[in-house]
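Peer 1: The structure is given below, and queries will be raised subsequently.
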Amino acid sequence: MKNKSEFYLKIISIVAYCLIIIAGSFIGIPLIMWIVFTCFDFLKIEQLVSIAALTGIIILFTKYSKSRAVKIVGFLFMLSPFFIFHMNASNYDFFYPTFYIPLSIFIITQLLLIIRSGILKSKI
């Protein structure tokens, strides 16, 4: 049962992460597209951030994500693009439902995964 619920939490988390929309000057784009495209934008800090975010996504689905510390590092890597967005824009640019609803779902499910891994480890 624990593996099934953890798998569903991971799926909900990654779907919410992919549904986060970043507002552009004309249209919004999904966060995952921004991450993939900026991986090839050389010699900019955004490239490092997008590679870190992709690493966080990969960590989420590997066998090494059983450790609580690895889950926390992956979570921080996946949150790294938002630090760049907040440094480059005002706070009013992020107050729309297609940004904060999926982001909230992502953060809640990731925190549940992290807390749950600590509880299960202490019971063993």
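The values are calculated or read from the model by the stated rules, or taken from the named source; none is laboratory data. Note that this is a predicted model, so its numbers are computed, not measured. Every residue, glycine among them, receives a Cβ derived from its backbone with ideal geometry; neighbour counts consider all protein chains shown.
Peer 1: Is it true that K4 is touching a residue at least 40 places away in the same chain (Cβ under 8 Å) and more than 20 Å from Y100 (Cβ to Cβ)? Break it down stepwise before answering.
Peer 2: Numbers: touching a residue at least 40 places away in the same chain (Cβ under 8 Å): no; more than 20 Å from Y100 (Cβ to Cβ): yes.
Spelling it out, it is not the case that K4 is touching a residue at least 40 places away in the same chain (Cβ under 8 Å) and more than 20 Å from Y100 (Cβ to Cβ).
Peer 1: Next question. Taking K10 as meeting all but one of (1) surrounded by fewer than 18 Cβ atoms within 10 Å (Cβ to Cβ); (2) modelled with pLDDT under 90; (3) farther than 17 Å from F99 by Cα, write down the number of the exception.
Peer 2: So K10 meets the others, but not (2).
Peer 1: For the range 48-68, give me each residue that is at pLDDT below 90 and either over 16 Å from the mean Cα position of the chain (by Cα) or assigned to a helix (DSSP H, G or I) (or both).
Peer 2: Start the filter on the range 48-68 by keeping residues that are at pLDDT below 90, which leaves 59-68.
Hits for the range 48-68 are I59, L60, K63, Y64, S65, K66, S67, R68.
Peer 1: Let me spell it out: the conditions are (1) out of contact with any Pro (no Cβ under 8 Å at 6 or more places or on another chain); (2) surrounded by 16 or more Cβ atoms within 10 Å (Cβ to Cβ), and I22 meets all of them except one. Which number is the exception?
Peer 2: The number of the failed condition is (1).
Peer 1: Now for a separate question. Output the residues belonging to the range 1-46 that are of a type outside the set (D, E, K, R) and assigned to a loop (DSSP other than H, G, I, E, B). Before the answer, list the steps.
Peer 2: First, the residues of the range 1-46 that are of a type outside the set (D, E, K, R): 1, 3, 5, 7-9, 11-40, 42-43, 45.
Those that are of a type outside the set (D, E, K, R) and assigned to a loop (DSSP other than H, G, I, E, B): M1, L19, I20, G24, S25, F26, I27, C39, F40, F42, L43.
Listed here are the residues, each with its yes/no results for (1) surrounded by 14 or more Cβ atoms within 10 Å (Cβ to Cβ); (2) out of contact with any helix residue (DSSP H, G or I) (no Cβ under 9 Å at 6 or more places or on another chain); (3) closer than 24 Å to I58 by Cα; (4) modelled with pLDDT under 90.
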site: V73; (1), (2), (3), (4): yes, no, yes, no
site: L76; (1), (2), (3), (4): no, no, yes, no
site: S80; (1), (2), (3), (4): yes, no, yes, no
site: M87; (1), (2), (3), (4): no, yes, no, yes
site: N91; (1), (2), (3), (4): no, yes, no, yes
site: F95; (1), (2), (3), (4): no, yes, no, yes
site: F99; (1), (2), (3), (4): yes, no, yes, yes
site: F106; (1), (2), (3), (4): yes, no, yes, no
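Peer 1: Which one of these does G28 not meet: (1) more than 12 Å from the chain's Cα centre (by Cα); (2) at pLDDT 85 or above; (3) surrounded by fewer than 17 Cβ atoms within 10 Å (Cβ to Cβ)?
Peer 2: Condition (2) is where G28 drops out.
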